[in-house]
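The values are calculated or read from the model by the stated rules, or taken from the named source; none is laboratory data. No experiment lies behind these values; they were computed from the predicted model shown. All Cβ positions, even for glycine, are placed from backbone atoms using ideal geometry, and neighbour counts span all protein chains on display. Only protein heavy atoms, including side chains, enter the accessible area calculation; ligands, DNA and RNA are left aside. Shrake-Rupley method; radii C 1.70, N 1.55, O 1.52, S 1.80 Å.
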Amino acid sequence: MRLSRTFWLATLACLLARVGQPAQAHGPDHEVIVALTAEIARNPGDPERLLHRGERYRSHGDLASARLDFQAALSNNPACHPARLRLALVARDQEKLPESLQLLDQTLAAQPTNLLARVARADVLIRSGRPGEAIPEYDRIIADSPQPRPDVFLSRSRTLLAHDTNAWARALEGVEDGIRRLGPVPSLQLHALELEERGGRVDAALARIDAIMAGMDRRERWLARRGDVLLAAGRTRDARTEYQRSLAALDRLPERLRRTIASEELRQELEAKLAVNPSGNQTSPSR
Amino acid sequence: MSNRWTFWLAALWLGVMASPGLHAQKLVRGPYLQLPTQNSMVVRWRTDKEAKGYVRWGLSPESATNRVSHSGSLTEHVVQIRGLQPNTRYYYAVGTETNRWITPVEPDYSFITPPKPGTSQPVRVWAIGDPGTASTNQANVRNTFYELHRQRPADLWLMLGDNAYSSGTDAQYQRAVFSVYSSILRQSPVWPTLGNHDAYHADSPTLSGPYYDIFTLPTLGQCGGLASGTEAYYSFDFANIHFVCLDSEDTERNRDGAMAAWLRADLAANTRDWVIAFFHHPPYTKGSHDSDKLSDSAGRMAEMRENFLPILESGGVDLVLTGHSHSYERSYLLNGHYGLSSTLQPSMILNAGSGRLDLDGSFRKDGGNAPHQGAIYICAGSSGQASGGRLNHPANWLSLNKLGSLVLDIDGLRADIRFMGDHGQLRDYFTIEKR
Ligand SMILES: [Fe+2]
């Protein structure tokens, strides 16, 4: 009787404890963690297994458990750079930025071409409010990667501009390099367009739009964007021409695309712009 | 006596050396098909020893005499066949040296090129989520689809992530993908997305690891859509469908990141009738993962929901396919539900019906990829195991702790979607029709 009550109380306690837990590893992850825990109990301090289990914890957002595993792996083998890097990532995600930076510096001192460590270092520097120091990190990542991600080019450009608002030309040069290496990626092309507009380079901005449009079946929005660039530059007459070209492109769309809400909204927007910007008040000469 | 033995041994040795089958390279993996366009196809395979790889191909097994190779001597063979006609069946064999073919030329080794983009014709798509358990469950789910595939083959198939448990190593891919799906791999191109388990040994920032080594994915919009500049996320067209693959695991998921900017532009440029997006982390799940818990999967489900669903819905997305939870969860026809499950409003449910023609009718949408006309979100992560959960997300019309995979049949402006079980069961079905 007494045993049975204890059993049920213990079962209830276990169930309640489970209900209150944060999301835990599931399915195969959970099984892997259980298996690794058993192996670690048999070989205490095995860095390989600690690293492996820490990664599982980290992927499930259990940063505290991940930290303990990476720390244990590192204290058993101070040359275990993967553990140091992962500890740095945990520290970053726990907002312990100075600790993260120190660990990343140690990793990069031992492995200067470790791209993941360098990407993380740039990230931590930005989060630490030190954008100027992040820029050379991005340069290095781009130089060392066989195929850098579009994100790296974007981040470098945005960091440059955050650091120095007049650096748009240098930022643009970097984005241009990205387009050369990765192809006509719209995330980079659109950013380049933004930079041209920021630099007041109207014709260059228009050329960017033309380059983006070249590969597209639907041009109406890009023609409208050409109009906006021209309007902002005071070239009202040219802007009107572009808005009219955009309307014509809308008219040429197949009916199923022409009568959508988005197309109708664009048409209204264009008609409104044409109405409030009558022809003839161009402030600077047409090209 | 001793001379006779020497003679026979020498003869045996010469026989062994002369036999093409015995010292030729052995096929270890594949062939499998990648990067299909209306005029080209990439054929990949692996051999046990290094060699120069050849593909021979033609319009019939007898006329498969065109020949193309890669340069250099490799074990990982990647050969692109060019100069093909759209929507045409080609027969092929792979080999490593002239006249030494390691696959037969027979109907089983053939593929059909995609039609001209925009063409309206019947299309079949198979989608599997979290399949890679290398278990009987996985084989049963596959066998159920193979029955349907025999009657009408899939034009392409999608892997929704966690393709090879438990860490996405090359050996695990061999066991859970190449050994399990060999017959469909050589007939229909596969399009994968990265899951968390694949990412234990693969990195999107450096595009490295088995996942990126195994798959050849478009970075320049070669298969339709706009250039993404990375294999981590991409788009492609097939007939009148635009497919978008996002990396919910290992690429920045912020609103002003490169993936979001690319997606906006890609969808704005789309002129196909259907938009189908796929990625690993489900926006609405109460299965083995909980999309309301911000600590679950380090917040990836919430980030995809908050940052990418608005872009997808603005781009007129029709279907969003995910995995991660090992269950089947199918939403209502939804629009604008970007918060926790507690923030679901009746106005966000554009159609609370079943979508079944024989019950209360199909889901109806306007054509032309008009924004915010409603999308169906499906978590189909039970193609290798079913792991339960509370399965009570209010955005979902149906939640099942059952094994299975998705079969999409799209013809013109009608899409019929079925969730098939592990022993031939039809577990769910619905239809979307566009006007
Ligand atoms: Fe997963």
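Summary table
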{"quantity": "Exclusive hit being of a type in the set (A, V, I, L, M), within 16 Å of the ligand (Cβ to nearest atom) and within 17 Å of B:ILE378 (Cα to Cα), set B:ALA277, B:ALA302", "calculated": "B:ALA302"}
{"quantity": "Residue list for region A:216-239, filter: of a type in the set (Lys, Arg), at the interface with chain B (Cβ under 10 Å from one of its Cβ atoms) and part of a helix (DSSP H, G or I)", "calculated": "A:ARG221"}
{"quantity": "Among the candidates A:ALA109, A:ALA64, A:ALA122, residue that is surrounded by fewer than 16 Cβ atoms within 10 Å (Cβ to Cβ) and within 12 Å of chain B (Cβ to nearest Cβ)", "calculated": "A:ALA64"}
{"quantity": "Residue match in region B:305-325 (condition: among the acidic types (Asp, Glu), modelled with pLDDT of 95 or more and within 16 Å of the ligand (Cβ to nearest atom))", "calculated": "no"}
{"quantity": "Total residues in region B:285-298, condition within 13 Å of A:ARG58 (Cβ to Cβ) and away from the ligand (no atom under 13 Å from the Cβ)", "calculated": "1"}
{"quantity": "Total residues in region B:245-281, condition in a loop (DSSP other than H, G, I, E, B) and farther than 27 Å from B:LEU413 by Cβ", "calculated": "13"}
{"quantity": "So B:LEU357, is it away from chain A (no Cβ under 14 Å) and more than 16 Å from the ligand (Cβ to nearest atom)", "calculated": "yes"}
{"quantity": "One residue from A:ALA38, A:ALA143, A:ALA117 being of a type in the set (Gly, Ala, Ser) and closer than 17 Å to B:ASP203 by Cα", "calculated": "A:ALA117"}
{"quantity": "Lone unmet requirement of (1) open to solvent by less than 40 Å² (accessible area, probe 1.4 Å); (2) not assigned by TED's automatic domain parsing to the domain that holds B:SER325 for B:THR65", "calculated": "(1)"}
{"quantity": "Selection within region B:232-244 - over 14 Å from the mean Cα position of the chain (by Cα) and open to solvent by 10 Å² or more (accessible area, probe 1.4 Å)", "calculated": "none"}
{"quantity": "Entirely in region B:306-357, the strands (runs of 3 or more DSSP E) that have 3 or more residues that are more than 23 Å from the chain's Cα centre (by Cα)", "calculated": "B:349-351"}
{"quantity": "Failed condition for A:ALA214, given (1) within 24 Å of B:GLU231 (Cα to Cα); (2) in the same structural domain as A:THR236 (by TED's automatic domain parsing); (3) at pLDDT 90 or above", "calculated": "(3)"}
{"quantity": "Among (1) acidic (Asp, Glu); (2) open to solvent by less than 60 Å² (accessible area, probe 1.4 Å); (3) closer than 26 Å to B:PRO218 by Cβ; (4) free of Cβ contacts under 8 Å to residues at least 40 places away in the same chain - the single one A:ASP210 does not satisfy", "calculated": "(2)"}
{"quantity": "Odd one out for B:ASP266, checked against (1) crowded, with 24+ Cβ neighbours inside 10 Å; (2) within 16 Å of the ligand (Cβ to nearest atom); (3) free of Cβ contacts under 8 Å to residues at least 60 places away in the same chain", "calculated": "(2)"}
{"quantity": "Residue in region A:48-55 that is modelled with pLDDT of 95 or more and open to solvent by 70 Å² or more (accessible area, probe 1.4 Å) present", "calculated": "no"}
{"quantity": "Near pairs, Cβ below 6 angstrom, 6+ apart or cross-chain, from region B:286-300 (facing chain A (nearest Cβ under 9 Å)) to any residue that is part of a helix (DSSP H, G or I) and surrounded by fewer than 23 Cβ atoms within 10 Å (Cβ to Cβ)", "calculated": "B:LEU294/B:ALA302"}
{"quantity": "Residue in region B:326-337 that is surrounded by 16 or more Cβ atoms within 10 Å (Cβ to Cβ), away from the ligand (no atom under 16 Å from the Cβ) and among the basic types (Lys, Arg) present", "calculated": "yes"}
{"quantity": "Residue list for region B:282-293, restricted to those being in a loop (DSSP other than H, G, I, E, B) and crowded, with 24+ Cβ neighbours inside 10 Å", "calculated": "B:PRO282, B:PRO283, B:TYR284, B:THR285, B:GLY287, B:SER288, B:HIS289, B:SER291"}
{"quantity": "Residue check, A:ASP29 touching a Lys or Arg at 6+ places or on another chain (Cβ under 6 Å), away from every other protein chain (no Cβ under 12 Å) and part of a helix (DSSP H, G or I)", "calculated": "no"}
{"quantity": "Search result, residues across region B:360-383 that are more than 9 Å from chain A (Cβ to nearest Cβ) and either of a type in the set (D, E, K, R) or under 30 Å from B:GLY132 (Cβ atoms) (or both)", "calculated": "B:ASP360, B:ARG364, B:LYS365, B:ALA375, B:ILE376, B:TYR377, B:ILE378, B:CYS379, B:ALA380, B:GLY381, B:SER382, B:SER383"}
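Yes/no matrix, rows are residues, columns are (1) over 14 Å from the mean Cα position of the chain (by Cα); (2) surrounded by fewer than 23 Cβ atoms within 10 Å (Cβ to Cβ):
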| position | (1), (2) |
| --- | --- |
| B:THR119 | yes, yes |
| B:ASP130 | no, no |
| B:THR136 | yes, yes |
| B:ALA139 | yes, yes |
| B:ARG150 | yes, yes |
| B:ASN163 | no, no |
| B:PHE178 | no, yes |
